[in-house]
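Single-structure report; data block below.
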Amino acid sequence: MTNDLRADGLFTPLQLRSGQILPSRIAKAAMEEGMAGAGQVPDDRLINLYRRWGAGGTGLLITGNVMVHAEALTGPGGIVLDSSAPLDPFARWAQAGKSAGARIWMQINHPGRQVQANMPGVVWGPSNIAVDIGSQSKRFGKPVAMTPRMIEDTILRFATTAERAEQAGFDGVEVHAAHGYLLSQFLSPLVNNRTDQWGGSLENRARLLIEIVRTIRTVVSPEFAVAVKLNSADFQRGGFDADDARKVIALLEPVGADLVEISGGSYESPAMTGRPADGRTAAREAYFLDLATELAATSALPLMLTGGISRIETADQVLANHVAMVGIGTALAVTPDLAHRWREGLGATAVLRAVTWKNKQLAAAASMAMVRYQLRRMAKGDNPAPRVPAAWALAMDQRVQRRALRNYARWLASRQKPVTSVGV
């Protein structure tokens, strides 16, 4: 049971089933940095940023999305680690994060259908059901239903990225199966209407995730951590719910998963940015604590909860509810040494302004833009500027994205691979 693995207190270690020991129960959760350098690999900006976070006192750093498929990115500034990527930039990234004693895991991901319409490459999904966010739906490409060959190649891509992450010095990977990305799409009965072995029952819809974790375990060392980020619910009527999450966690235990991070939402219902549709938790700082508490009661794996946590009182409450790890995102974009401050009896230096726009998808985009603005400042060696106006941050982020898109398009074309290629 999860509470068998949970020690009292935020600053006590956690030993995972792989044998890896996390120095504390505080993790820097993944935030998509969108800061790829030339060739879609880390450069000095990411290295500087993670060195600063690593010195801030958290026990675990989880990177933002690292993409397993060069032709399918969540955004044009995405990092790519495939069989062709040079390892040295990733080794420097890992070393920077670990330099003060933290562990560092790489979040690995495939966007599936959540690809911007102006991006080159491919838009895949379990079915050909497009993202529906009302008037903004045209921002996303029309997905192609994946063939069995595409699915098998995707499993190998995840395994290749995990294997190379270990070679670069990372301590583990987190397979992203939340927030409406590809693996979350397969899990959702609203998006996955397949009638083959990859669709239908929950066991079939979870098959891709389970096979990815199983395959990763065959190519990495026993002490290398393999975690999964999973929605507690996607907050859509008839979609993936807490009972589904409970069953998926049970399926992950026998294939070698070490930990499951609980989050929620998707682009269609962006609960992960603090606007959940679930009225029970809408006003809570820890957005998904109610659902995580229910899942922890039966989970054979330790759980980590992420979503809006910024105060030590809330973090302590998470542990008191038998959740093993506390994931912190936005608060570390404003106060990168928050864990050290907690240890000294202090709190966050500031908080970002809440975005209360009526359009929840646009508000979610602005919230993420405000976070990325802080990350870019810290990557340059500056301090965060939490009072940045949301509209200005969004405009600046769109400017950065346009420049990144030009660079990504040139790079992808230079690889001289047909965009329909499914080779590993």
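Label-to-label distance for Ala91 and Gln398 is 4.2 nm, based on points extended 7 Å past Cα in the beta-carbon direction. Label positions at Asp316 and Ala297, each projected 7 Å from the Cα along the C-beta direction, are separated by 2.5 nm.
Global dimensions of the chain from alpha-carbon coordinates: Rg and Dmax equal 19.4, 56 Å. Each Lys or Arg adds one and each Asp or Glu takes one away; over the other residues whose Cβ falls under 14 Å from the Cβ of Gln374, this sums to +4. Could you work out how far the C-alpha centroid of the stretch 191-263 sits from that of the stretch 299-324, in angstrom? About 21 Å separates the Cα centre of the stretch 191-263 from the one of the stretch 299-324.
Return one whole number: the accessible area per residue of the chain in Å², for a 1.4 Å probe.
37 Å²
Here the chain exposes an accessible surface that is 51 percent carbon and sulfur, computed with a 1.4 Å probe and the other protein chains kept in place. From its DSSP helices (H runs of at least four residues, each -39,500 (n - 2.57)), the chain gives a residue-normalised ellipticity at 222 nm of -11000 deg cm²/dmol. Grab the other residues whose beta carbon is less than 12 angstrom from that of Ser127, score K and R as +1, D and E as -1, and report the net. Overall, the nearby charge balance is +3. Let me check I've understood the local charge: for Glu174, count other residues with C-beta under 10 angstrom from its C-beta, Lys and Arg +1, Asp and Glu -1. What total comes out? Its environment carries a net charge of -1. A Förster radius of 35 Å combined with the Cβ-Cβ distance from Gln15 to Lys380 puts the calculated FRET efficiency at roughly 0.40.
Which trypsin sites (Lys or Arg not before Pro) from the stretch 297-365 combine a DSSP loop assignment with at most 13 other Cβ atoms within 10 Å?
Passing both the DSSP loop test and the Cβ count: Lys358.
A Förster distance of 41 Å, applied to the separation of the beta-carbon atoms of Asn48 and Thr195, puts the FRET efficiency at 0.25. Of the trypsin sites (Lys or Arg not before Pro) found in the stretch 366-412, the ones in coil according to DSSP and having at most 13 other Cβ atoms within 10 Å of their Cβ are Lys380, Arg387.
Computed extension gain for Leu362 through Ser137, at 0.36 nm per residue and net of the alpha carbon distance, reaches 79.8 nm. A simple charge model with +1 on the Cβ of Lys and Arg, -1 on the Cβ of Asp and Glu and nothing else charged puts the dipole of the chain at about 1500 debye relative to its Cα centre. For the chain, relative contact order (Cα pairs under 8 Å, six or more residues apart, normalised by length) works out to 18 percent. Shown for the chain: lysine pairs separated by 8 or more places, or found on different chains, whose C-alpha atoms are under 24 Å apart, numbering 11.
The values are calculated or read from the model by the stated rules, or taken from the named source; none is laboratory data. This is a predicted model, so every value here is computed, not measured. Glycine also receives a Cβ, built like all others from the backbone with ideal geometry; neighbour counts cover every protein chain displayed. Note: accessible area is taken over every heavy atom of the protein model, side chains too, but ligands, DNA and RNA are not part of it. Shrake-Rupley method; radii C 1.70, N 1.55, O 1.52, S 1.80 Å.
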